[in-house]
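S.K.: This is the structure I have questions about; it appears just below.
No lab work stands behind these numbers, since they all come straight from the coordinates. The structure presented is a predicted model; accordingly, all values stated were derived computationally and were not measured. Cβ sites come from the backbone with ideal geometry, for glycine too, and all protein chains shown count toward neighbours.
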Amino acid sequence: MTPDVTIIGAGLGGLTLARVLHVHGIPATVYETEPSPTARAQGGMLDIHEHDGQSALRAAGLIDEFRALVLEGREATRVLDRDGTVLLDMPDDGTGGRPEVQRGELRRILLDSLPADTVRWGHKVTGVRALGGSRHEVAFADGTTVVANLLVGADGAWSRVRPLLSDATPEYIGTSLIETYLFDADARHPAGAKTVGGGAMSALAPGKGILAHRESGGTLHTYVALSKPQDWFTGIDFTDPATATERIVQEFDGWAPELTALITDGETAPVLRTLNALPPGHRWDRVPGVTLLGDAAHLTPPSGEGANLAMYDGAELGKAIAEHPDDVEAALTAYEQALFPRSAAAATEAARIQDICFGDNAPHSLIDMFTGHA
Ligand SMILES: Cc1cc2nc3c(=O)[nH]c(=O)nc-3n(C[C@H](O)[C@H](O)[C@H](O)COP(=O)(O)OP(=O)(O)OC[C@H]3O[C@@H](n4cnc5c(N)ncnc54)[C@H](O)[C@@H]3O)c2cc1C
């Protein structure tokens, strides 16, 4: 008999696993630190790829619900030079195979597809310990505990489950992002709206960039990327938005005003996102009764794959458990044998994309990638 599955983390990976298990009639409980499904804004747009994210949604029986969320036209891509010259402009002709959806809406269709009470909100895991055999005790911040017969760490970059399997911890990749938003941009920020265009815009130079995306409702979501040591960022007081904005925009001296306006006209306080990664090729020896998926298993520099891979991992693990109803260890072995090379390849590709975006040949390296010359 397949044991109930205990999943830590209600991100896209953990929820996809819970849903695929449910499709196969296997019960799961997801413990999530956030107090409710709406406690935190879920971030921006995700392009969901045919071969991993969409494949996972098919396994979850949610591909039609997903298609209803797709924002038309958002696959358009442009690359600009620092002076605002448009170097590459690729319209969304509907053949890109990477439809864009809002992350929060994708999470909602997964949540809505699960039986009530599958997700236990407000359960922050503080520690896990082996009880012998394949059983593990999970401790929560409120002092309660549960015993898991099959435990899955889907709890992201700073996983509390990972120490059962490996000593690895994420390390700073040398680049951070600063996030800002402009709202109702066509009416209120027309120059910014025109610069970003209908989908994604990347204005790049070695070691820095302004990357923006048109989201639903005319929202422009901007990530400012800077390759700087961590202490450079800790020297900026992000609790003082005006001073932080001024310091960040200084790094873009001489850039076109329609680009820097995406920073200076920001309508939300700039938020620092420090980027970390696990060692490339991170893997572990089989430990009975526990495994990892998504960022907990293979956090990489941003490459547009992390959420897709987390969902794919969740679907693959769910299918493996369903295919080995009497032998959980065989299921986990089969899942991990495919996971490790897949994750190693993703880490290599993510490092390549970082170099393409912020290396010495930016922005031309990115154009070469889009036009098939890299
Ligand atoms: C700025 C940025 C932009 C990105 N853009 C893209 C993109 O365009 N496309 C893409 O595919 N990927 C993108 N990614 C990567 C993507 O966000 C991650 O790879 C993806 O969210 C991983 O999913 P996950 O389910 O493994 O983990 P997460 O999404 O991190 O979910 C983990 C869950 O576990 C919960 N949790 C954490 N700790 C505990 C605890 N102790 N106890 C209980 N619960 C806990 C968290 O609250 C969270 O709900 C981006 C990442 C960043 C930082």
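S.K.: Fewest Cβ neighbours within 10 Å first, please rank 195, 16 accordingly.
M.R.: Least crowded to most crowded, the residues run 195, 16.
S.K.: Any chance you could run the full-extension gain for residue 86 through residue 67? It's 0.36 nm times the residue separation minus the Cα-Cα distance, nm to one decimal.
M.R.: Net length gain for the segment: 3.8 nm.
S.K.: Compute the distance in nm between two label points, each set 7 Å from the Cα along the Cα-to-Cβ direction, one at residue 130 and one at residue 95.
M.R.: Using points 7 Å along Cα→Cβ, the separation is 5.4 nm.
S.K.: How many nm is it between the label spots at residue 142 and residue 338, if each spot is 7 Å from the Cα in line with the beta carbon?
M.R.: 3.7
S.K.: Let me know the Kirkwood hydrodynamic radius for the chain, please, with Cα pairs as the basis and the value in Å to one decimal.
M.R.: 21.6
S.K.: By how many degrees, 0 to 90 and rounded to 10, does the Cα axis of helix 306-323 deviate from the longest principal axis of the chain?
M.R.: Helix 306-323 sits at roughly 20 degrees to that axis.
S.K.: Sticking with this structure for a sec: Which three numbers, in whole Å and largest first, are the semi-axes of the equivalent ellipsoid of the stretch 171-277 derived from its Cα gyration tensor as √(5λ)?
M.R.: Listed largest to smallest, the semi-axes of the stretch 171-277 are 23, 14, 13 Å.
S.K.: Once both labels are modelled 7 Å past Cα along the beta-carbon direction, what's the residue 4-residue 58 spacing in nm?
M.R.: It works out to 3.3 nm between the two label points.
S.K.: Could you grab the relative contact order for the chain? Cα pairs under 8 Å, six or more apart, rounded to a whole percent.
M.R.: For the chain, the relative contact order is 23 percent.
S.K.: Going by alpha carbons, how many degrees (0 to 90, nearest 10) lie between the helix axis of 328-358 and the longest principal axis of the chain?
M.R.: The two axes meet at around 10 degrees.
S.K.: Percent of Cα-Cα pairs per 5 Å bin, from 0 to the last occupied bin, for the stretch 72-205, please list those.
M.R.: Percent of Cα pairs in each bin: 2, 7, 11, 12, 13, 12, 10, 10, 9, 8, 5, 2, 0.
S.K.: For the stretch 211-249 and the stretch 20-47, what is the centre-to-centre distance using only Cα atoms, to the nearest Å?
M.R.: 28
S.K.: Got a sec? Which residues in the stretch 163-181 would a label at residue 228 touch, if it sits 7 Å along Cα→Cβ and we count backbone N under 13 Å?
M.R.: Correct set: 175-179.
S.K.: Report the per residue volume, in Å³, of the convex hull enclosing the C-alpha atoms of the stretch 90-164.
M.R.: It comes to 161 Å³ per residue, whole-number rounded.
S.K.: So, one more: How large is the convex hull of the C-alpha atoms of the stretch 296-358 per residue, in Å³?
M.R.: Per-residue hull volume (Cα only) is 61 Å³.
S.K.: Now for a different question. If you take the beta carbon distance between residue 40 and residue 171 as r and set R0 to 30 Å, what does 1/(1 + (r/R0)^6) give as a FRET efficiency, to the nearest 0.05?
M.R.: The computed FRET efficiency comes out at 0.75.
S.K.: Kindly give Rg over Rh for the stretch 1-148, based on alpha-carbon atoms, with the Kirkwood expression for the hydrodynamic radius.
M.R.: Rg divided by Rh gives 1.10.
S.K.: What net charge do the residues around residue 189 carry, taking every other residue with its C-beta under 11 Å from that of residue 189, with Lys and Arg at +1 and Asp and Glu at -1?
M.R.: Residues close to residue 189 contribute a combined charge of -3.
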